[in-house]
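Here the structure comes first, spelled out in structure tokens, and everything after it is commentary.
Every number here is computed from the coordinates shown, using simple stated rules; none is lab data. All values reported here derive from a predicted model rather than from experimental measurement. Ideal geometry is used to build each Cβ from the backbone, glycine not excepted, and the neighbour counts take in all protein chains shown.
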């Protein structure tokens, strides 16, 4: 199953996933084509004041990827509350996948990558550009549209749409 000269490759795709969007799922699928095992790391990240609890976000990601299979890659969802680079190291990851939607994402991601490289130079960061269809989709926009009663079906799976509706109608 190895994709790199006999070495078993493990990647981490981290995020808050509040909520998980079809853009996230597209990147998970693409990242899983490059490694033998992909760990989707759901960050606790209470500093962002997430709409959904950590457990709800983990459950939503698990539900959305449960049938995702890309060329034999094992995909696992794990939660983490420590530094991303420490989490990746604990998972024995070779790389961290980060999605870029626009130039505005690049500056922050560039700084984060530099810091992570200082903390653990053995873990590479791989940037994946969002597909045209998903470049303007963000969890923040999805939450705002949902909170105002807009149609979000194009941006999230039915189970996530239902969870958002329940949050805003509660």
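In the chain, the calculated helix contribution to ellipticity at 222 nm averages -12000 deg cm²/dmol per residue, counting -39,500 (n - 2.57) for every DSSP H run with n ≥ 4.
Segment 98-170 and segment 24-87 have Cα centres lying 12 Å from one another. In plain terms, the chain from residue 107 to residue 135 could stretch by 8.5 nm, reckoned as 0.36 nm per residue minus the Cα-Cα distance. For the peptides 31-38, 14-21, 152-159, the ranking by packing is 14-21, 31-38, 152-159, with the highest mean count of neighbouring Cβ atoms within 10 Å listed first.
Rg and Dmax, both from the Cα atoms of segment 45-92 and both in Å, are 12.8, 36. Mean silhouette area of segment 10-135, derived from the convex hull of its C-alpha atoms and averaged over all directions, reads 7.3 nm².
Between the helical axis of 54-65 and the longest alpha-carbon principal axis of the chain there is an angle of about 80 degrees.
Of the beta bridges in the chain, as assigned by DSSP with both residues counted there, near 5 percent are antiparallel.
Per-residue Cβ neighbour counts within 10 Å put 24, 86 in the sequence 86, 24, beginning with the fewest.
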